[in-house]
Amino acid sequence: MFLLRCPLPLLLLLLPLGSRPQKLPTRDEELFQMQIRDKAFFHDSSVIPDGAEISSYLFRDTPKRYFFVVEEDNTPLAVTVTPCDAPLEWKLSVQELPEEASGEGSGDPEPLEQQKQQITSEEGTELFSYKGNDVEYFVSSSSPSGLYQLDLLSTEKDTHFKVYATTTPESDQPYPELPYDPRIDVTSLGRTTVTLAWKPSPTASLLRQPIQYCIVINKEHNFKSLCAVEAKLSSDDAFMMAPKPGLDFSPFDFAHFGFPADNNSGKERGFLKSSKFGRQTSPKPRVDLHKVCIGNKNIFTVSDLKPDTQYYFDMFAVNTNTNMSTAYVGTFARTKEEAKQKTVELKDGKVTDVFIKRKGAKFLRFAPVSSHQKVTFSIHSCLDAVQIQVRRDGKLLLSQSVEGVRQFQLRGKAKAKYLIRLKGSKKGASMLKILATTRPNKQSFPSLPEDTRIKAFDKLRTCSSVTVAWLGTQERNKFCIYKREVDDNYNEEQKKREQNQCLGPDTRKKSEKVLCKYFHSQNIQKAVTTETIRGLQPGKSYLLDVYVIGHGGHSVKYQSKLVKTRKFC
């Protein structure tokens with residue numbers, strides 16, 4: 001047996017028992033608007049107004065009952081129940097009104113207790129029942145007069161729902177009408193995009209009412225109502241949405257249920273965050289669910305999706321006058337797989353140039369033809385740092401960030417195959433050179449000191465010369481120094497843009513060359529060389545570059561140095 005949400009005598013007090021019967025609440029527009037403004041009229045009353053959608057809340061296994069009166073026989077009637085985030089069990093029934101409430105009697109009203117007994121002495125006649133989470137309707141073109149009861153129950157969890165009842169369904173039409181084919185069509189499918197198309201609602205195309213379409217995208221399942229979407233989007237699914245003034249109408253005082261009053265009526269509608277009946281609820285993590293309203297267009301491309309991923313798409317037509325919505329038949333689609341990366345084959349002992357787009361990746365494969373004890377990977381990152389991963393027969397051996405020149409030596413294995421993954425920088429495109437070899441003595445890139453800066457001695461500056469120094473290594477290498485005159489406004493940002501370490505001396509003008517020399521020191525602490533660059537102009541700025549050239553002919557550029565000669569000597 002369902003429980004009454006409020007004492008039945010209170011409902012009978014609301015029923016005028018005069019000489020003329022009357023619906024509750026009447027659809028007389030002047031009185032109807034007065035009743036909407038006067039929340040006390042509906043406060044916790046369980047009375048469903050005629051022609052206005054109400055939003056309410058159900059606690060699990062706690063039934064709720066609503067009432068409305070139909071005063072005359074053969075009255076059209078439509079009742080819509082929208083479950084939000086849980087299936088509902090609901091039943092619509094009717095029973096006759098007491099004689100004083102439905103007839104033309106002119107005597108004094110009977111005591112309340114006697115009236116209550118008259119109404120509840122008989123079980124009402126069941127008209128319709130439903131169990132599920134679909135938006136379900138009861139529609140009748142000719143309903144008998146009487147007291148109608150709507151009983152609702154949620155057995156799964158606390159939930160909220162919406163109810164709409166009207167005795168003028170033909171003229172109201174608050175919900176947008178669906179086209180004859182309410183399906184969403186997937187017209188184009190890419191790796192990160194899906195294009196959707198649908199037929200317009202006749203409410204917009206024929207009745208000229210303001211309709212906007214809202215698309216919902218998620219990875220879990222389709223939704224049957226916009227109410228269910230809003231419940232899922234809420235950080236706490238225990239609370240219903242605040243109504244937008246003038247569009248939604250709820251007969252309840254939210255504060256009575258533990259909901260804070262929304263005093264910020266001018267802002268965009270949002271979700272109420274509070275606790276129900278004093279029970280504290282912790283915020284839930286944001287779900288991977290997106291809703292976007294696109295106006296009255298009937299084609300839309302969803303972008304920024306993940307490749308090879310299944311998505312569910314739902315479309316809702318929303319009447320912006322009533323803020324009530326109707327769901328199209330949802331669809332789903334899987335985005336295309338990411339294009340398979342072409343794998344570059346590395347040859348033993350040969351340098352390979354690699355270009356990687358911003359945030360991109362490249363795959364390389366090294367399969368030595370002979371058995372080997374060790375394998376060496378030499379990387380020369382020309383610009384920003386890159387990430388390198390090396391797997392041998394699927395097993396991860398190396399994961400490092402590489403800047404400048406780095407060498408990695410790994411233990412070999414007979415008939416092993418190595419997969420190298422190179423990931424570029426987030427700042428911009430990456431360029432690098434890579435060499436893989438099973439011959440330990442095969443070194444194409446020159447060794448570098450940890451510090452590749454060029455130091456200038458300020459006290460040794462003259463009007464026509466500057467003196468600089470840089471570090472070397474224990475390995476004998478060839479060093480070449482170049483100069484280039486630059487404008488006085490040349491700055492560090494411009495210098496940074498020219499820091500491509502892979503550009504060798506062959507890209508420089510012959511006139512910019514200062515000298516080349518061989519240099520090394522067995523004592524690493526003394527591996528320092530100096531050079532004085534002469535023939536410069538007074539008060540001019542110069543960009544100096546030092547290149548170290550390895551035995552295989554590959555060069556690496558030190559960090560550029562900006563110097564300036566004295567103007568007066």
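Please determine, by comparing only the residues of the range 168-194 that are polar (S, T, N, Q) and modelled with pLDDT of 90 or more, which one is farthest from the chain's Cα centre (by Cα). The selected residue is T187. Of all the criteria given as (1) open to solvent by less than 20 Å² (accessible area, probe 1.4 Å); (2) of a type outside the set (F, W, Y); (3) in a loop (DSSP other than H, G, I, E, B); (4) closer than 20 Å to A367 by Cβ, the one not satisfied by R439 is (1). Just so you know, in the range 531-568 the residues that are in a strand (DSSP E or B) and out of contact with any Ser or Thr (no Cβ under 9 Å at 6 or more places or on another chain) include one that is nearest to F479 (Cα to Cα), and it is S555. Inside the range 317-375, residues that are at pLDDT below 90, closer than 30 Å to Y175 by Cα and among the small types (G, A, S) make up a count of 0.
Among the listed residues F300, F366, F355, identify the single one that is in contact (Cβ under 8 Å) with a residue 12 or more places away in the chain, open to solvent by 40 Å² or more (accessible area, probe 1.4 Å) and not assigned by the TED database to the domain that holds D185. Result: F355 is the single residue among F300, F366, F355 that is in contact (Cβ under 8 Å) with a residue 12 or more places away in the chain, open to solvent by 40 Å² or more (accessible area, probe 1.4 Å) and not assigned by the TED database to the domain that holds D185. Only one of the numbered conditions (1) in a loop (DSSP other than H, G, I, E, B); (2) at pLDDT 90 or above is not met by I388, and that is (1).
Total residues in the range 188-224 satisfying the condition of being open to solvent by less than 10 Å² (accessible area, probe 1.4 Å) and of a type outside the set (F, W, Y): the figure is 8.
From L448, L460, which residue is within 30 Å of K413 (Cα to Cα) and either open to solvent by less than 30 Å² (accessible area, probe 1.4 Å) or in contact (Cβ under 8 Å) with a residue 60 or more places away in the chain (or both)? Criteria check complete, one pass: L448.
One line per residue, one yes/no per condition, for (1) more than 23 Å from K64 (Cβ to Cβ); (2) among the acidic types (D, E); (3) assigned by the TED database to the domain that holds V302:
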{"residue": "V163", "(1), (2), (3)": "no, no, no"}
{"residue": "R183", "(1), (2), (3)": "yes, no, yes"}
{"residue": "P200", "(1), (2), (3)": "yes, no, yes"}
{"residue": "K232", "(1), (2), (3)": "no, no, yes"}
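From the list D73, D134, the one residue that fits, being over 30 Å from S234 (Cβ atoms) and modelled with pLDDT of 75 or more, is D73.
Residues that are part of a loop (DSSP other than H, G, I, E, B), outside the structural domain of K350 (by the TED database) and touching a Lys or Arg at 6+ places or on another chain (Cβ under 8 Å) occur at least once in the range 465-483.
The values are calculated or read from the model by the stated rules, or taken from the named source; none is laboratory data. Source: prediction; values computed, not measured. Here Cβ is always computed from backbone atoms with ideal geometry, including for glycine, and neighbour counts include all displayed protein chains. When the accessible area is computed, the model is the full protein with side chains, heavy atoms only, and any ligands, DNA or RNA have been set aside. Shrake-Rupley method; radii C 1.70, N 1.55, O 1.52, S 1.80 Å.
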